[in-house]
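Only one structure is covered here, and it is reproduced in the block below.
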Amino acid sequence: MKTEVFQPEKQVIDDELSTIERAVLSEYKYGFVTEIEADEAPKGLNEGTIRFISAKKKEPEWMLEWRLKAYRHWLKMEEPTWPNVKYDPIDYQDIIYYSAPKQNVKPESLDQIDPELRRTFEKLGISLDEQKRLSGVAVDAVIDSISIGTTFKEQLGELGIIFCSMSEAIQNHPDLVRKYLSSVVPITDNYFAALNSAVFSDGSFCYIPKGVRSPMELSTYFRINAENTGQFERTLIVAEEGSYVSYLEGCTAPMRDENQLHAAVVELVALDNAEIKYSTVQNWYPGNKEGKGGIYNFVTKRGICKGVNSKISWTQVETGSAITWKYPSVILKGDNSTGEFYSVAVTNNHQQADTGTKMMHLGKNTKSRIVSKGISAGFSNNSYRGLVHVNKNASNARNFSQCDSLLLGDKCGAHTFPYIEVKNNSALVEHEATTSKIGEDQIFYCNQRGIDTETAVALIINGFAKEVMRQLPMEFAVEAQKLLAISLEGSVG
Amino acid sequence: MLTIRNLHAGIEGKQILKGINLEVRPGEVHAIMGPNGSGKSTLASVLAGRSDYEVSNGSVEFLGKDLLELSPEKRAGEGIFLAFQYPIEIPGLTTTNFIKTAVNEVRKYRGEEPLDAVQFLKLMKEKMALMEIGQSLLSRSLNEGFSGGEKKRNEIFQMAMLEPKLAILDETDSGLDIDAIRIVANGVNKLRNKDNAVLVVTHYQRLLDHIVPDFVHVLYNGRIVKSGKKELALELEERGYDFIKNEVNEGQEA
């Protein structure tokens with residue numbers, strides 16, 4: 001396997017630019033590559049590729065059939081063109097769909113994980129050593145196409161909580177997987193969901209039994225390492241009656257000149273009185289200052305509040321990726337159920353984001369809340385796209401949406417596309433939107449108090465994003481705040 | 001502590017200050033008065049280091065350092081404080097958090113250890129009592145939705161927290177009623193001591209009833225055209241700025 005080490009480009013500060021424009025020169029901290037031998041599928045996509053992946057994972061026949069069905073459907077579909085993003089056509093035959101670090105022995109326990117992989121995760125701030133781990137957080141570590149280990153499995157197991165890789169779940173909990181997989185995002189849902197269903201390689205599976213509150217945060221860390229590969233992971237979380245779980249995902253990738261595709265599907269199922277809190281800190285490599293390279297993050301995330309009084313809350317801090325296309329959504333089927341979406345999306349340099357949510361009110365007395373904060377800098381483009389749908393039987397539905405945009409400099413764009421479909425007269429739907437700019441006067445005010453410009457920008461954007469940041473689990477809020485500041489480092493200077 | 005020599009400065013190619021000379025010593029209060037457009041606020045902005053303004057000539061020395069060489073945050077570190085005419089709003093950032101960051105950044109500049117939460121709170125309580133300012137104001141987003149009076153009191157509170165060597169009050173009385181002026185002026189007076197100095201930039205004399213200056217300078221057309229003791233301010237109040245303008249114009253004709 002070819003390995004290269006990419007050095008971050010030197011910062012060039014142009015005196016001609018205004019102070020605010022200069023802030024856009026950030027460096028990506030996680031751009032290193034781990035030298036490790038990989039077991040890869042041949043490049044390209046056909047039924048043979050799918051059989052290869054399924055065989056590698058020793059999957060049962062039903063799983064292979066499910067994948068092939070998705071693939072055959074995908075062949076008939078067309079890539080969506082409605083998002084407000086631009087990119088060259090993706091050559092789906094030029095992607096490696098499966099790449100797994102070669103491990104001589106299959107690790108039976110966390111101690112047996114290849115030290116090189118362990119170091120990779122440690123460099124990313126993720127320790128697979130349970131003793132060193134932040135107490136209260138269990139981690140599933142996924143590199144390229146496979147999960148290399150999950151911490152705190154036994155402790156969670158004692159409560160009946162299943163937290164493992166999707167591959168393991170297919171082997172060990174086939175009934176649960178068959179019952180819920182694609183029950184929220186059908187394989188035919190959209191182009192990227194169909195592609196994911198055909199070739200997905202790993203991801204996390206969480207099952208919280210009736211009446212159990214998960215005593216710790218469950219989290220998955222996704223790392224892309226191999227070149228020319230795509231990462232297609234699949235996550236499924238099922239919260240039984242009266243249960244509660246808070247789940248967090250994080251992600252990074254090496255710096256490369258080529259774009260890499262990441263097409264994930266996440267499904268959440270909340271039964272009666274259950275609550276799922278799903279948080280994302282997305283920091284895929286965003287490409288360089290000229291817009292070369294970076295991850296295409298085309299993701300389908302959807303949850304269903306299936307039972308009465310259930311609740312699903314999405315919180316996302318999106319700072320990475322060359323292009324982000326995702327709409328974490330909630331189907332509010334159970335009466336009195338609640339859906340929430342809190343988002344901070346930062347775009348810098350030439351990044352593009354088209355992100356938002358869909359709240360589908362089907363049950364009675366359902367409530368949803370949308371808070372979206374877009375921060376654009378450099379030459380980037382940041383769009384909020386959201387749908388609030390109230391079905392004709394969904395009496396007394398309530399929605400509140402707040403979409404705010406903050407601009408740094410005058411070469412970036414912010415757009416808001418709110419769609420509202422109300423078919424029941426008792427619904428109350430509110431939408432508020434604002435656009436503001438970080439002004440030279442705000443920066444100068446901070447400077448005059450002794451605060452340098454970088455710190456001033458961090459204070460201003462964290463103030464702007466506060467309502468969303470405080471939704472994050474405590475352990476990650478501080479990290480996410482720093483990440484916001486780093487993503488915009490140099491955009492004012 | 002502050003020596004301004006032959007200072008020329010302007011904005012977008014327009015010359016506004018045309019040769020300012022001023023000496024401020026520790027313990028002194030100087031008032032800069034003048035009609036609208038005379039360059040008062042420009043002088044305040046240039047001293048604080050606002051980048052829109054270009055200095056074309058002259059020098060400013062502050063405590064032995066060339067002030068014009070320093071960035072605005074370094075000037076703050078050196079002990080320059082500007083109370084803004086129009087304090088800026090930063091939504092979502094609590095006033096307390098802002099002030100804590102400022103205090104610790106200035107401490108860092110001076111090579112001092114940052115204050116921890118307990119020490120900071122203690123200092124804040126002390127200054128809150130001195131400045132008669134309530135906790136509720138400090139818990140709100142910085143200047144957001146503050147009344148004119150609250151904004152100015154917040155400026156003076158920040159001054160109390162940062163303990164500057166030279167405080168520049170830029171039209172701090174504008175938009176305030178007489179009670180608010182008294183509160184703000186009391187705050188400033190409590191902070192005066194023999195080691196610090198205050199530069200009061202104002203259009204009207206009324207603030208000077210409460211912050212009594214040692215010297216009054218009249219700025220007109222980018223120059224200090226007249227200096228005197230506090231009585232000069234009263235004379236201006238009585239006779240208006242026209243008599244100064246006439247004097248200057250006659251001088252030029254002669």
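The values are calculated or read from the model by the stated rules, or taken from the named source; none is laboratory data. Since we're looking at a predicted model, the values are computed, not measured. Using ideal geometry, Cβ is built from the backbone for each residue, glycine included, and neighbour counts are taken over all protein chains shown.
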>> Every residue in the range A:214-244 that is at pLDDT 85 or above and aromatic (Phe, Trp, Tyr), please.
In response: A:Phe232, A:Tyr244
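I'd like to know if the range B:8-19 contains one or more residues that are under 23 Å from B:Met159 (Cα atoms), modelled with pLDDT of 95 or more and more than 14 Å from chain A (Cβ to nearest Cβ).
Checking the range B:8-19: not a single residue is under 23 Å from B:Met159 (Cα atoms), modelled with pLDDT of 95 or more and more than 14 Å from chain A (Cβ to nearest Cβ).
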> Going through the range A:451-466 one residue at a time, which ones are surrounded by 24 or more Cβ atoms within 10 Å (Cβ to Cβ) and more than 8 Å from chain B (Cβ to nearest Cβ)?
Replying inline: A:Ala456, A:Val457, A:Ile461
> Quick check: is even one residue across the range B:104-116 away from every other protein chain (no Cβ under 12 Å) and either assigned to a helix (DSSP H, G or I) or hydrophobic (A, V, I, L, M, F, W, C) (or both)?
Replying inline: yes
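So, in the range A:47-60, exactly how many residues are in contact with a helix residue (DSSP H, G or I) (Cβ under 9 Å, 6 or more places away or on another chain), in a helix (DSSP H, G or I) and not polar (S, T, N, Q)? Can you show your working first?
Initially, the range A:47-60 is screened for residues in contact with a helix residue (DSSP H, G or I) (Cβ under 9 Å, 6 or more places away or on another chain), giving A:47, A:49-51, A:53-55, A:57-60.
Those left that are additionally in a helix (DSSP H, G or I): A:47, A:49-51, A:53-55.
If we keep only those that are not polar (S, T, N, Q) as well, we get A:47, A:50-51, A:53, A:55.
Residues in the range A:47-60 being in contact with a helix residue (DSSP H, G or I) (Cβ under 9 Å, 6 or more places away or on another chain), in a helix (DSSP H, G or I) and not polar (S, T, N, Q): 5 in total.
Can you tell me which residue among B:Ala167, B:Ala185, B:Ala197 is crowded, with 18+ Cβ neighbours inside 10 Å, over 21 Å from A:Gln442 (Cβ atoms) and within 14 Å of another protein chain (Cβ to nearest Cβ)?
On the way: B:Ala185 fails: within 14 Å of another protein chain (Cβ to nearest Cβ); B:Ala197 fails: within 14 Å of another protein chain (Cβ to nearest Cβ).
Being crowded, with 18+ Cβ neighbours inside 10 Å, over 21 Å from A:Gln442 (Cβ atoms) and within 14 Å of another protein chain (Cβ to nearest Cβ) holds for just one of B:Ala167, B:Ala185, B:Ala197, which is B:Ala167.
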>> Tell me whether the range B:35-43 contains one or more residues that are surrounded by fewer than 15 Cβ atoms within 10 Å (Cβ to Cβ), modelled with pLDDT of 95 or more and within 16 Å of B:Val200 (Cβ to Cβ).
In response: no
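Being polar (S, T, N, Q) and in contact with a Leu (Cβ under 6 Å, 6 or more places away or on another chain) narrows it down to one residue among A:Thr319, A:Thr324; which is it? Give the derivation first.
Values: A:Thr324 fails: in contact with a Leu (Cβ under 6 Å, 6 or more places away or on another chain).
Result of the check over A:Thr319, A:Thr324: A:Thr319.
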> Within the range A:468-488, is even one residue crowded, with 23+ Cβ neighbours inside 10 Å, touching a residue at least 12 places away in the same chain (Cβ under 8 Å) and within 9 Å of chain B (Cβ to nearest Cβ)?
Replying inline: no
>> Yes or no: the range A:378-399 includes at least one residue that is more than 21 Å from the chain's Cα centre (by Cα) and closer than 30 Å to B:Ala102 by Cα.
In response: yes
> Name the residues in the range B:45-78 that are assigned to a helix (DSSP H, G or I) and within 14 Å of another protein chain (Cβ to nearest Cβ), would you?
Replying inline: B:Ser45, B:Val46, B:Leu47, B:Ala48, B:Leu67, B:Pro72, B:Glu73, B:Lys74, B:Arg75, B:Ala76, B:Gly77, B:Glu78
> Scanning for something more than 16 Å from the chain's Cα centre (by Cα), at pLDDT below 95, over 23 Å from A:Glu432 (Cβ atoms) and surrounded by fewer than 24 Cβ atoms within 10 Å (Cβ to Cβ), does the range A:350-366 turn up at least one residue?
Replying inline: yes
>> Just to check your reading of the model, which residue among B:Phe215, B:Phe157 is among the aromatic types (Phe, Trp, Tyr) and touching a strand residue (DSSP E or B) at 6+ places or on another chain (Cβ under 6 Å)?
In response: B:Phe215
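Against the definition (crowded, with 23+ Cβ neighbours inside 10 Å, touching a strand residue (DSSP E or B) at 6+ places or on another chain (Cβ under 7 Å) and part of a loop (DSSP other than H, G, I, E, B)), how does A:Asn225 come out, yes or no?
Working: crowded, with 23+ Cβ neighbours inside 10 Å: yes; touching a strand residue (DSSP E or B) at 6+ places or on another chain (Cβ under 7 Å): yes; part of a loop (DSSP other than H, G, I, E, B): yes.
Answer is yes for this residue.
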> Which one is nearest to B:Lys108 (Cα to Cα) among residues in the range B:79-94 that are more than 9 Å from chain A (Cβ to nearest Cβ) and assigned to a loop (DSSP other than H, G, I, E, B)?
Replying inline: B:Gly79
> Which members of the range A:424-450 meet the condition of being away from chain B (no Cβ under 14 Å) and either in contact with a strand residue (DSSP E or B) (Cβ under 6 Å, 6 or more places away or on another chain) or in contact (Cβ under 8 Å) with a residue 60 or more places away in the chain (or both)?
Replying inline: A:Asn424, A:Ala427, A:Leu428, A:Val429, A:Glu430, A:His431, A:Ala433
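Out of all the residues in the range B:133-149, which are part of a loop (DSSP other than H, G, I, E, B) and out of contact with any helix residue (DSSP H, G or I) (no Cβ under 7 Å at 6 or more places or on another chain)?
Initially, the range B:133-149 is screened for residues part of a loop (DSSP other than H, G, I, E, B), giving B:133-134, B:140, B:143-147.
Within the range B:133-149, B:Gly134, B:Glu144, B:Gly145, B:Ser147 qualify.
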> Within the range A:278-303, which residues are at pLDDT below 85 and in contact with a Pro (Cβ under 6 Å, 6 or more places away or on another chain)?
Replying inline: A:Gly294
> Looking only at the range B:200-222, which residues are surrounded by 19 or more Cβ atoms within 10 Å (Cβ to Cβ), closer than 18 Å to B:Leu7 by Cα and not hydrophobic (A, V, I, L, M, F, W, C)?
Replying inline: B:His217, B:Tyr220, B:Gly222
> Does the range A:312-331 contain at least one residue that is part of a loop (DSSP other than H, G, I, E, B), over 16 Å from the mean Cα position of the chain (by Cα), closer than 18 Å to A:Ala274 by Cα and touching a residue at least 24 places away in the same chain (Cβ under 8 Å)?
Replying inline: no
